[in-house]
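For reference, the structure discussed in these notes is given below.
The values are calculated or read from the model by the stated rules, or taken from the named source; none is laboratory data. Computed from a predicted model, the values in this text were never measured in an experiment. Note that each Cβ is placed from the backbone with ideal geometry, even for glycine, and that neighbours are counted across all protein chains shown.
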Amino acid sequence: MASLDDLKKRISSVKSTQKITKAMKMVAAAKLRRAQESAEKGRPYSDKMNNIILNLSNGISDIDNAPKLLSGTGEDKVHLCVVMTSDRGLCGGFNTNIIKKAKLYFQKILDEGKTLKIITVGTKGYDQLKRLYGDNIIERISFKESKNINYFDADKVGKIVIEKFEKKEFDVCTIFYNQFKNVITQIPQEQQIIPLKTSEKDENSSEDNFEFEPEEDEILSNLLPKNISTQIFKAMLENSASEQGSRMSAMDNATRNAGEMVDKLTIEYNRSRQAAITKELIEIISGAESL
Amino acid sequence: MSEEYSLEIVNPEKSFLSKNDVTEVVVPAFEGEIGILKDHISLISFLKPGIIKIFSKSGEESFYVNDGIIEFKDNNLSILTSLILNLKDIDKEKISEIQKSAEEQLNKTDINDQEKYLLDQKLDVLKSIN
């Protein structure tokens, strides 16, 4: 059995760990509120963008000449995956869930004999992927320095993706991120951004006759790159809200576990202290008796 | 019959401005300025760097935009833009910063005509407000 001193040390170390996890939980909770707010505020932009693109692509007269970003290259050989993770750890299953989802997809791609290219956003994703897919990673981006998520960071990623697309380095682009549902639930998502999937049903858009200035195709070819940045930005916002949510619940659990551990250790400490006292008493009594 | 319609300006971070009493909006569309009044035909267009002027019951307001897309439909005007600044409380430093980066980009050799055109426009506008 561990000595009294050892137990004491362990109790105090668990207690200080508990303090840290508690503080982290509180910080995450505060950040979560802000992240959630900005995720909600960011929604109108991407929703509107989607709407306009939907209207535009319905209005487009000549499908064959549609911009490549919309219709794709017509091939399906090289897949680019943008895996978005966090820069910091200690956030429960947040990164692991995205990576798991991404790995499944990677496996599917490779099994079909297609080429896989990966861009990682956030250092944690790179750390987890470099061992298995190190050769496939063509670019890694991290925004550790920027304090808040801003559109220009997302735009940077978007521009890299578009540049590579224009150089015909890939045919299909998919992004991976966690969608924020609530504090306990984050759903890992895969979203194809090139070619764009306009899956939403077009209810009333057919009757609207829009006037375009300049021509539809020209607007579209200007708009689509922006849409990619917007989608990435949306993913980043969702991701950051998810990260904080995930961290909060992970730290909450850790704090609770630490509390349980302290209780257990304290009981053990008290028992062994009592045992030591009893032992000493017996020794004194039997010593006195023998006199 | 009122002459007013509603306007919403959104940037990626948030909904920037929302008004219900605008009478006219002048936007710097790619092929020239467009003034939009009530009951305009449905319209989609995109913007070049320039000044948006908003006339409403409560007065006139001007904003600088870097780029953007506008959609007008059923007397609702939506403007999506990545960067928008109110001219009233504009930050001179911020303007010079944008100006500088635009100049740098203009000096690069590998830009195409359209980009050059947009950058030139941007510089003109920035100079005029600075």
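Tabulated data for the structure shown
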{"read-out": "Tally of residues being surrounded by 13 or more Cβ atoms within 10 Å (Cβ to Cβ) and either over 26 Å from A:T230 (Cβ atoms) or of a type outside the set (S, T, Y) (or both) across the stretch B:56-74", "value": "12"}
{"read-out": "Count of residues meeting criterion [among the hydrophobic types (A, V, I, L, M, F, W, C) and under 16 Å from B:K127 (Cβ atoms)] in the stretch B:99-116", "value": "2"}
{"read-out": "Scope the stretch A:161-172; condition in contact (Cβ under 8 Å) with a residue 40 or more places away in the chain and surrounded by fewer than 17 Cβ atoms within 10 Å (Cβ to Cβ); matching residues", "value": "A:K168, A:E169"}
{"read-out": "Leading residue by the ranking (surrounded by the fewest Cβ atoms within 10 Å (Cβ to Cβ)) among those in the stretch B:1-17 that are hydroxyl-bearing (S, T, Y) and farther than 20 Å from A:A35 by Cβ", "value": "B:S2"}
{"read-out": "A:L116 surrounded by fewer than 17 Cβ atoms within 10 Å (Cβ to Cβ) and either modelled with pLDDT of 85 or more or out of contact with any strand residue (DSSP E or B) (no Cβ under 8 Å at 6 or more places or on another chain) (or both)", "value": "no"}
{"read-out": "Condition check for B:I36: of a type in the set (A, V, I, L, M), under 25 Å from A:L220 (Cα atoms), in contact (Cβ under 8 Å) with a residue 40 or more places away in the chain and out of contact with any Asp or Glu (no Cβ under 9 Å at 6 or more places or on another chain)", "value": "no"}
{"read-out": "Residue within the stretch A:78-94 that is of a type outside the set (A, V, I, L, M, F, W, C), assigned by TED's automatic domain parsing to the domain that holds A:K117 and assigned to a helix (DSSP H, G or I) present", "value": "no"}
{"read-out": "Residue that is farthest from B:I9 (Cα to Cα) [pool: residues in the stretch A:9-36 that are away from every other protein chain (no Cβ under 14 Å), out of contact with any helix residue (DSSP H, G or I) (no Cβ under 7 Å at 6 or more places or on another chain) and of a type in the set (K, R)]", "value": "A:K9"}
{"read-out": "Qualifying positions in the stretch A:45-97 - of a type in the set (S, T, Y) and either closer than 30 Å to A:A23 by Cβ or modelled with pLDDT of 90 or more (or both)", "value": "A:T85, A:S86, A:T96"}
{"read-out": "Tally, over the stretch A:37-54, of residues that are β-branched (V, I, T) and facing chain B (nearest Cβ under 8 Å)", "value": "1"}
{"read-out": "Boolean, A:A288 is surrounded by 11 or more Cβ atoms within 10 Å (Cβ to Cβ) and modelled with pLDDT under 95", "value": "no"}
{"read-out": "Single residue of the stretch A:239-259 satisfying the filter (farther than 14 Å from A:A30 by Cβ and surrounded by 24 or more Cβ atoms within 10 Å (Cβ to Cβ)) that is nearest to the chain's Cα centre (by Cα)", "value": "A:N239"}
{"read-out": "Single residue of A:I194, A:I175 found to be at pLDDT 80 or above, buried (at least 21 other Cβ atoms within 10 Å of the Cβ) and within 30 Å of B:E31 (Cα to Cα)", "value": "A:I194"}
{"read-out": "Any chance B:V26 is under 26 Å from A:L220 (Cα atoms) and either within 14 Å of chain A (Cβ to nearest Cβ) or over 10 Å from the mean Cα position of the chain (by Cα) (or both)", "value": "no"}
{"read-out": "Condition met for B:I41 (facing chain A (nearest Cβ under 9 Å), surrounded by fewer than 19 Cβ atoms within 10 Å (Cβ to Cβ) and either of a type in the set (A, V, I, L, M, F, W, C) or under 15 Å from the mean Cα position of the chain (by Cα) (or both))", "value": "yes"}
{"read-out": "Lone unmet requirement of (1) under 18 Å from A:Q191 (Cα atoms); (2) crowded, with 17+ Cβ neighbours inside 10 Å; (3) in contact (Cβ under 8 Å) with a residue 60 or more places away in the chain for A:A35", "value": "(1)"}
{"read-out": "Condition broken by A:I138, with the remaining ones in (1) crowded, with 16+ Cβ neighbours inside 10 Å; (2) closer than 20 Å to A:I228 by Cβ; (3) of a type in the set (A, V, I, L, M); (4) touching a strand residue (DSSP E or B) at 6+ places or on another chain (Cβ under 8 Å) satisfied", "value": "(1)"}
